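The values are calculated or read from the model by the stated rules, or taken from the named source; none is laboratory data. Please read these numbers as outputs of a predicted model, since none were measured by experiment. Cβ placement follows ideal geometry from the backbone for every residue including glycine, while neighbour counts extend to all protein chains displayed. Surface areas here come from the heavy atoms of the whole protein model, side chains and all, with no ligands, DNA or RNA. Shrake-Rupley method; radii C 1.70, N 1.55, O 1.52, S 1.80 Å.
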Amino acid sequence: MNLIFGVIILAMFILALRVIWATGLQVLAMLQTAMVAINRYRALRNARASIPVIMPRINHEVDWEVMSDTVRKEIHRRNSGFGGELDRLDRQYQAKQKTIKLYEADIEIARLERELQKIKPVVINPVPEVKKRHQSKNRSAQEQVVLDEVSSKTPHQVYQLREALKGAGVTVPVNQQARH
């Protein structure tokens with residue numbers, strides 16, 4: 001029994017020595033890698049310290065005022081790129097506002113035409129037709145004048161109102177839809 005315990009203890013001792021030996025070898029390999037890295041860093045640092053810094057040279061005369069103006073203009077151009085988008089959006093907004101005004105004007109025109117029809121109704125005397133006759137023979141001259149007067153005034157008023165709403169020489173078609 002003592003022999004079995006002796007063999008087990010000897011085996012555990014051998015395993016412990018192998019683990020310690022492997023760990024020691026890994027630590028030595030890691031230290032060797034660290035030393036190589038430190039030596040490389042020192043060599044680069046010494047090389048950098050020993051090489052003088054050489055500034056690039058320009059072979060021709062440089063006008064620094066022109067160069068600074070050029071740089072300033074380029075910076076301004078890049079910064080103003082956002083303003084172009086703002087102007088485009090502002091123009092779209094103004095076009096939509098004008099379209100809305102045109103729609104409101106069309107609604108107002110329709111309301112005024114309806115009020116005009118209430119105030120000044122078209123007077124047509126219906127003639128009872130017994131036989132089929134041509135209308136030109138049945139209409140009297142007075143009925144024709146009333147119809148011509150109503151039809152000629154309304155489009156002219158509508159035209160004047162649309163022209164006034166356009167204003168400032170900006171021509172926008174009446175039927176143009178708003179792009180939303």
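Summary of computed values
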| item | result |
| --- | --- |
| ASN79 being open to solvent by 80 Å² or more (accessible area, probe 1.4 Å), modelled with pLDDT under 85 and touching a helix residue (DSSP H, G or I) at 6+ places or on another chain (Cβ under 8 Å) | no |
| Considering residues of the stretch 38-95 that are within 17 Å of the chain's Cα centre (by Cα) and of a type in the set (A, V, I, L, M) only, the residue farthest from LYS166 (Cα to Cα) | LEU86 |
| From the options LEU86, LEU15, LEU112, LEU28, residue that is open to solvent by less than 100 Å² (accessible area, probe 1.4 Å) and either on the phi < 0 side of the Ramachandran plot or out of contact with any Gly (no Cβ under 6 Å at 6 or more places or on another chain) (or both) | LEU112 |
| Test: residue in the stretch 50-64 that is modelled with pLDDT under 95 and of a type in the set (Lys, Arg) | yes |
| Residue satisfying all of: in the stretch 31-65; polar (S, T, N, Q) and part of a helix (DSSP H, G or I); surrounded by the fewest Cβ atoms within 10 Å (Cβ to Cβ) among these | SER50 |
